[in-house]
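Down below is the structure, laid out as structure tokens.
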Amino acid sequence: MAFALIFNAMSMNIAERTREVATLLAGGTDRRSISRYIAPENLLVVAMGIPIGLVVGYYAARSTMARPRGALR
């Protein structure tokens, strides 16, 4: 289920970005300028997502690997 949600979100993002880039190209913007617009935005998303993902992943793994209460030793 998680894979389907992530795949769907990525597909929508790519579709939106494709239309956005096509519009900029049709308006006469060169590819280098488009790269300068898109790269900082993507780097910002990565910079924000990595720490959040590490923290959430740590606590998810910790709770998954925790021994249930009352379990035999």
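Where a number appears in this text, it was derived from the coordinates with a stated rule and is not lab data. Bear in mind the structure is a predicted one, so any value in this text is a computation, not a measurement. Cβ placement follows ideal geometry from the backbone for every residue including glycine, while neighbour counts extend to all protein chains displayed.
Here are the numbers for the structure shown:
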{"quantity": "Long-range Cα-Cα pairs in region 2-64 (distance over 15 Å), rounded percent", "calculated": "68"}
{"quantity": "In sequence order, calculated HN-Hα J values of region 41-46 (Karplus, 6.51, -1.76, 1.60; Hz; x Gly/Pro)", "calculated": "5, 5, 5, 5, 4, 5"}
{"quantity": "Residue-averaged [θ]222 nm for the chain, counting only DSSP H segments that reach four residues, each worth -39500 (n - 2.57)", "calculated": "-29500 deg cm²/dmol"}
{"quantity": "Hypothetical label at I50: residues of region 1-16 whose amide nitrogen lies under 20 Å (7 Å Cα-Cβ projection)", "calculated": "none"}
{"quantity": "Kirkwood hydrodynamic radius of region 28-73, Cα pairs, Å", "calculated": "14.0"}
{"quantity": "Label zone at A39, where the point sits 7 Å out along the Cα-to-Cβ direction: region 4-22 residues whose backbone N lies under 11 Å", "calculated": "none"}
